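Working notes, beginning with the structure itself.
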Amino acid sequence: MISKKPYYEQEFGPALQFAAFIGVTIALLLLGNVIALAYIAGKYGANSLMEFVSLDLTSPIVTQNLWILQVAGTTIPILLIPIVFAKLLTRQPSNYLKVSVKFPSVLMLIVLATMVVSMPFMETLITFNRKMVLPEFLKGLENALRRAEDSAQKVTAVLLKMDTLADMFKALMLVALVTAIAEELMFRGCLQTIFLQWTNSIHWAVWITAALFSAFHMEFYGFLPRLMLGVLFGYFTVWSGSIWPAVWGHFLNNGTAVVLTYLYQHKKIDINPDAQHAFNYFLPVLSAAFTLTLLLGYRRVANRKTIADSV
């Protein structure tokens, strides 16, 4: 029997939600990129657009064009995707996206400690991932992946070229804060909720969403550390019931990279944040153990709040 309820009051199953989410994602990303490229061509001319498409980093306006594409073609669409999806397919968008759920403020301190303590473990994963070598018969794929990675790093270097303090704050706002909000709404707000309904398993939902989160960035040689970040953000969200601890953790991760890059560019620190950092085995293992301990402590504090609410 076909329901007579309006579409916005109907319960949609996870498979339909996922299909709708993919459709909204493709549509808004395509629209954002078309608008960005059309704006670049209209403002700077067709030649500048060709220079941009060919990634001619010697062009004097390439930085402006990259920021236009980043904001209009990626950041804004990713921010709109979960909002449009939740408005169209859910009864209570704010609850679905987990933006209005209250949680103990101490969780934010635990997130801060977790992000700091996990750094050696994450650095080890970065080094391991970058040293991965595919089998000989996949050598062509490996070379293509490394070329794509090199191109992505060049683009990132242009975006994070910060000559002034104002440039750093702009990067903090767009690369760290807005990106953290947009991606967490998209992945932990929407996708993780869909997979939680689909699998009836917190752990499956967290890990599947984390894998998609990492794959979405299309950086094979950064897949493992980004996967583990996604796992942390996933548990931050699912145990607290709120998106904001994950947004805070995401902001800390991206913001730290921005600030360290700025300090290195201006010779305030000697350590290059983009360089590989080697640790002995003891420190990464200790880092992983403390990270797990803090994560379990986070769950314990979040569970106390849940129990208190049910009494």
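Using +1 at the C-beta of Lys and Arg and -1 at the C-beta of Asp and Glu, which of GLY32, ALA144, SER242 has the Cα lying farthest in the positive direction of the dipole of the chain? Ranked along the dipole, the leading option is SER242.
The listed peptides 235-246, 159-170, ordered by packing as a protection proxy, come out as 235-246, 159-170 (highest mean of other Cβ atoms within 10 Å first). Short to long, the 20 Å bins of the Cα pair-distance histogram for the chain hold 28, 58, 14, 0 percent of all pairs.
Name the residue farthest towards the positive end of the dipole of the chain from the options PRO77, PHE128, GLY297, assuming +1 on Cβ of Lys and Arg, -1 on Cβ of Asp and Glu, about the Cα centre. Value computed over the given set: GLY297. Set the Förster radius R0 to 25 Å, insert the Cβ-Cβ distance between MET50 and LYS154 as r into 1/(1 + (r/R0)^6), and round the FRET efficiency to 0.05. Working from the Cβ atoms, E equals 0.90.
Within the chain, the whole DSSP H helices whose Cα atoms reach 18 Å or more along their own axis and whose mean Kyte-Doolittle score is at least 1.6 are 14-44, 76-89.
For the pairs LYS43/LYS170; LYS154/LYS268; LYS154/LYS267; LYS43/LYS267; LYS161/LYS267, flag any whose C-alpha to C-alpha distance is greater than 24 Å. LYS43/LYS267, as the Cα separations exceed 24 Å there.
When +1 charges are put on Lys and Arg Cβ atoms and -1 charges on Asp and Glu Cβ atoms, the dipole computed for the chain relative to its Cα centre reaches about 740 debye.
At a Förster distance of 30 Å, what's the computed FRET efficiency of LEU260 paired with LEU296, Cβ-Cβ distance as r, to 0.05?
Values: r = 29 Å, r/R0 = 0.96.
Calculated value: 0.55.
Under the criterion of Cα pairs below 8 Å and six or more residues apart, the relative contact order for region 13-166 equals 23 percent. The overall shape of region 61-109 is oblate: from the C-alpha gyration tensor, with semi-axes ordered a ≥ b ≥ c, the ratio a/c is 1.5 or greater and a/b is no larger than b/c. Only helices enter the 222 nm calculation for the chain: every DSSP H run of n ≥ 4 contributes -39,500 (n - 2.57), and dividing by all residues gives -22500 deg cm²/dmol, rounded to 500. Annotation: region 137-185 has a Kirkwood hydrodynamic radius of 12.8 angstrom, from the mean reciprocal C-alpha pair distance. In this rough spin-label picture, where each label sits 7 Å from Cα along the Cβ direction, the VAL34-VAL106 distance is 5.2 nm. The reciprocal of the average 1/r between distinct C-alpha atoms defines the Kirkwood hydrodynamic radius, which for region 105-195 equals 16.8 Å.
The residue list ASN200, HIS266, LEU177 was ranked by how far each Cα lies along the charge dipole of region 156-311 toward its positive end, using unit charges on Cβ atoms, and ASN200 comes out on top. Where a ≥ b ≥ c are the square roots of the eigenvalues of the C-alpha gyration tensor, would you call region 119-268 rounded, which needs a/c under 1.5, or, failing that, prolate if a/b is larger than b/c, or oblate? The shape class here is oblate.
Each reported figure results from applying straightforward, stated rules to the coordinates on display, with no laboratory input. Computed from a prediction, not measured in an experiment: that's the story for all the values here. Cβ sites come from the backbone with ideal geometry, for glycine too, and all protein chains shown count toward neighbours.
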